Amino acid sequence: MDDSYERLQKLVSIEKDIAGIVHHAGQAVLELSKDKPIATNAENESKHFLKMLKDVENKLTEQIAYLGQVASGQPHEGSSYLLQKDALMAHHRLRYTTTKLNELQKTCAS
């Protein structure tokens, strides 16, 4: 499957996780705002909130690291840029060498 599509799907998943984080935070606050809050309910919602928050942080860190690689020109998964650049440079060296050999051949023939 296309790497950019997979990256986009990961971002969509992160967005859904953020909505879940907001939901669990809201549920915890709602429970705590009751006249007689049930501590275990608030605790469970808080645990879900913290777990999802850590997961999203890890996923976003991964995405940021990927973007850092792409922006710095380092080779990264799914990229052919470096290979294309190397091939182009090899082609330029080949043309230069051919030109110099042709000039040398003309000089020797004279």
Review point. Which value at 222 nm does the chain reach when only helices count, each DSSP H run of 4 or more adding -39,500 (n - 2.57), with the total divided by all residues and rounded to the nearest 500 deg cm²/dmol?
Key: -31000 deg cm²/dmol
Review point. When only C-alpha pairs under 8 Å and at least 6 residues apart count, what is the relative contact order of the chain, in percent?
Key: 20 percent
Check your understanding: Ignoring ligands, DNA and RNA, what percent of the 1.4 Å accessible area of the chain is carbon and sulfur?
Key -> 61 percent
Check your understanding: Taking 0.36 nm per residue of separation and subtracting the Cα-Cα distance, what length does fully extending Glu62 through His23 add?
Key -> 11.7 nm
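Leaving out ligands and nucleic acids, note down the accessible area per residue over the stretch 1-59 with a 1.4 angstrom probe, in whole Å².
About 75 Å² of surface per residue is accessible.
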Revision key, fill the gap. Of the residues Thr98, Ile18, Leu60, the Cα lying farthest along the dipole of the chain towards its positive end, which is defined by charges on the beta carbon of Lys, Arg, Asp and Glu, belongs to Thr98
Check your understanding: Taking the simple approach of a point 7 Å from Cα along Cα-to-Cβ for both Ser4 and Glu43, what is their distance in nm?
Key -> 4.9 nm
**Study point:** Contour excess over end-to-end distance, with Cα ends at Gln69 and Leu88 and 0.36 nm allotted per residue
**Key:** 4.7 nm
Practice item. Please give the net charge around Lys16, taking every other residue with its beta carbon less than 13 angstrom from that of Lys16, where Lys and Arg add +1 and Asp and Glu add -1. Key: -1
Practice item. Could you let me know the centre-to-centre spacing of the stretch 23-41 and the stretch 49-64, using Cα atoms, in angstrom? Key: 23 Å
Point to revise | Per residue Cα convex hull volume in Å³ - calculated over the chain | key: 89 Å³
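The values are calculated or read from the model by the stated rules, or taken from the named source; none is laboratory data. As the structure is a prediction and not an experimental result, all values here were calculated from the model. Heads up, the Cβs are rebuilt from the backbone with ideal geometry, glycines too, and the neighbour counts pull from every protein chain shown. Each accessible area value is taken on the protein alone, full model and side chains, heavy atoms only, with ligands, DNA and RNA left out. Shrake-Rupley method; radii C 1.70, N 1.55, O 1.52, S 1.80 Å.
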